[in-house]
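Below is one structure, written out as structure tokens; comments come after it.
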Amino acid sequence: MTQLTPRLPSLMQVIIALGLFLLMAFSFTAQLDLPIQLALYIGWFVIMVLGVRLGHQYKDLEKAALNGISNGLGAVLILLAVGALVGTWISGGIVPTIIYYGLKAIHPSIFLLATMVICSLTALATGTSWGAAGTAGIAMMGIGQGLGVPAPITAGAVLSGCYFGDKMSPLSDSVILASSMSNVEVMEHIKGMLPIALISYIITGIMFTVFGFHYAGNVDMTQVQSVIEAMDNQFYITPYSFVPVAIVLGLLAMRMPSFPVISFGSLLGIVWAVMIQDVDFLQAFNTAWAPFHIESGVDFIDSILNRGGMSSMLGSVAVIVFGLGFGGLLDKVGILETIAKLFERRVQSAGSLATSTIGTAFLGNVFGSAMYVSLILTPKICAKNYDRLGFKRKNLSRNAEFGGTLTSGMVPWSDNGIYMASILGVATLSYAPFMWLSFVCILVTIVTSYMGWFIDKYDPTATANHTNDNAELVKQSA
């Protein structure tokens, strides 16, 4: 039997395959009340059928899916560790203590701004949006609910801060990945993002401040006081409960690996539950796996604290596993590359280049189901357009970062979308409209690119060296 030479899919084949997947994804979740895991599972076979028709062998397609899964298993481990952390930190009184003092200290009028700033500083120091959302983010969600601020809005402020801090931190995995895939030094990459990121941060801060005044006059402080008293009755509130938080954030800031650090944090939660909250050891230990359970009689406390444990993350783990495999198949079949070729014909300026790069990175999240897929594929696909038009690669790394990282939490079936929805307790499509920093940053990037601002071009006198360097860069990134 003659083996067919694999070829790229046509635009029509891409539209049909991705259209079927999107139809399943939205109909399963919005109409049929079926889990997104089934849509991703069936999506594997849709892409596999297309791959076989394009000349790929089934074994190669299966291997591509497995490679996609193996490349992202670190996210699965961190997700399970964070589940254990949340459960033990609730039973240990750590999360209740943060909420208790937060309700007493933060005024409702500046709550949303304070949320964004606190989460951004946490992510900047630790280099991880996931770690910031799993610690400071959870606490701010509880404080917001106690103040009567709608959860999706609070989640938007949390994620705006987390993703800003993550992008500005040289410790961030996504920063390192985006810069390395574009062949740019990490600090050059951060400097390239800094002007637009700061402008967007200030604009977003003003938006959250103005929006926060809307809730300042609507907060029933007697209800807040009753929540504080109920929290004080259910848990032993002490400043010592901040010690595990300081230890975990300190270790993450020292660039220690996330998985063992977060796991160690869950161990500290068990110790605090036994030593300070007087919880039975086996019961405290079990909260690392099963959700913490409390019946306080106060709806707020029960809704925000009856959660956590590894078992609560298993549905999210399944989504990430299927999503990573789906992304591996898309990479193998060449679907995003076909879409990028369509963009290439229309790219003739800095503005259209930025728009096409951000669009490609966003599609990497939508159809690759993982941020790492977007940050790996986008520079590979778009690099030749930057070289062709004479723009420095740090423009590529910046646009790929903004398009890939800032939109990753908006996709319900992506690794970031699933993680953030699980941790914050808010559906992805509910909080996505309030991720204002992401929208502002992308809009500012596109507008300034069309205006020719914050754009770095190669020196025309160095064209010969630039051409030779780019040939080598393309060879390395291939």
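For the stretch 61-111, a residue qualifies if it is assigned to a loop (DSSP other than H, G, I, E, B) and among the β-branched types (Val, Ile, Thr), and exactly one does: Ile106. Checked against the criterion of being open to solvent by less than 20 Å² (accessible area, probe 1.4 Å) and over 28 Å from Tyr431 (Cβ atoms), the stretch 398-418 contains not a single residue that satisfies it. Evaluating Val184 against the criteria (1) without any contact (Cβ under 8 Å) to a residue 40 or more places away in the chain; (2) open to solvent by 10 Å² or more (accessible area, probe 1.4 Å); (3) more than 20 Å from Asn306 (Cα to Cα) leaves one unmet condition, (1).
Residue-wise test of (1) β-branched (Val, Ile, Thr); (2) farther than 26 Å from Gln234 by Cβ.
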site: Trp44; (1), (2): no, yes
site: Arg53; (1), (2): no, yes
site: Ile69; (1), (2): yes, yes
site: Leu103; (1), (2): no, no
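Being at pLDDT below 90, buried (at least 21 other Cβ atoms within 10 Å of the Cβ), of a type in the set (A, V, I, L, M) and closer than 27 Å to Tyr236 by Cβ: is that true of Ala136 here? Yes; evaluated as a whole, the condition is true for this residue. Kindly indicate whether Ala350 is in contact (Cβ under 8 Å) with a residue 24 or more places away in the chain, within 23 Å of Ser449 (Cα to Cα) and open to solvent by 10 Å² or more (accessible area, probe 1.4 Å). Yes; evaluated as a whole, the condition is true for this residue.
Scan the stretch 213-256 for residues that are β-branched (Val, Ile, Thr), modelled with pLDDT of 75 or more and not in a loop (DSSP other than H, G, I, E, B) and the total you get is 5. Of all residues in the stretch 36-53, none satisfies the criterion of being of a type in the set (S, T, N, Q) and modelled with pLDDT of 85 or more. Put simply, of Ser180, Ser172 the only residue that is on the phi < 0 side of the Ramachandran plot, of a type in the set (S, T, N, Q) and in contact with a Gly (Cβ under 8 Å, 6 or more places away or on another chain) is Ser172. On inspection, Met275 does not qualify as under 25 Å from the mean Cα position of the chain (by Cα) and over 24 Å from Ile418 (Cα atoms).
Has the stretch 36-44 got at least one residue that is touching a Ser or Thr at 6+ places or on another chain (Cβ under 6 Å) and either without any contact (Cβ under 8 Å) to a residue 12 or more places away in the chain or within 27 Å of Phe259 (Cβ to Cβ) (or both)?
yes
Of note, Val373 satisfies the criterion of being open to solvent by less than 20 Å² (accessible area, probe 1.4 Å) and either under 21 Å from Ala17 (Cβ atoms) or not in a helix (DSSP H, G or I) (or both). Number of residues in the stretch 56-75 that are under 30 Å from Phe292 (Cβ atoms) and either buried (at least 20 other Cβ atoms within 10 Å of the Cβ) or touching a strand residue (DSSP E or B) at 6+ places or on another chain (Cβ under 6 Å) (or both): the value is 2.
In the set (1) free of Cβ contacts under 8 Å to residues at least 40 places away in the same chain; (2) over 20 Å from Ala25 (Cα atoms); (3) of a type in the set (Gly, Ala, Ser), the condition left unmet by Ser374 is number (2).
Table: residues versus (1) surrounded by fewer than 19 Cβ atoms within 10 Å (Cβ to Cβ); (2) farther than 18 Å from Ile98 by Cβ.
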residue	(1), (2)
Ala246	yes, no
Leu249	no, no
Leu252	no, no
Ile262	no, no
Gly265	no, no
Val274	yes, yes
Phe281	yes, yes
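Here is a check on your reading of the model: is Gly87 more than 17 Å from the chain's Cα centre (by Cα) and closer than 14 Å to Gly265 by Cβ? Yes, satisfied. In the stretch 283-300, what residues are hydrophobic (A, V, I, L, M, F, W, C) and either modelled with pLDDT under 75 or open to solvent by less than 100 Å² (accessible area, probe 1.4 Å) (or both)? Across the stretch 283-300, the qualifying residues are Ala284, Ala288, Ala290, Phe292, Ile294, Val298, Phe300.
Among the residues of the stretch 86-102, not a single one is out of contact with any Lys or Arg (no Cβ under 9 Å at 6 or more places or on another chain), within 24 Å of Ile320 (Cα to Cα) and open to solvent by 40 Å² or more (accessible area, probe 1.4 Å).
The values are calculated or read from the model by the stated rules, or taken from the named source; none is laboratory data. Predicted, not measured: the structure shown is a model, and the values here were computed from it. Reconstructed Cβ throughout: ideal geometry from the backbone, glycine too, with neighbour counts over all protein chains shown. Each accessible area value is taken on the protein alone, full model and side chains, heavy atoms only, with ligands, DNA and RNA left out. Shrake-Rupley method; radii C 1.70, N 1.55, O 1.52, S 1.80 Å.
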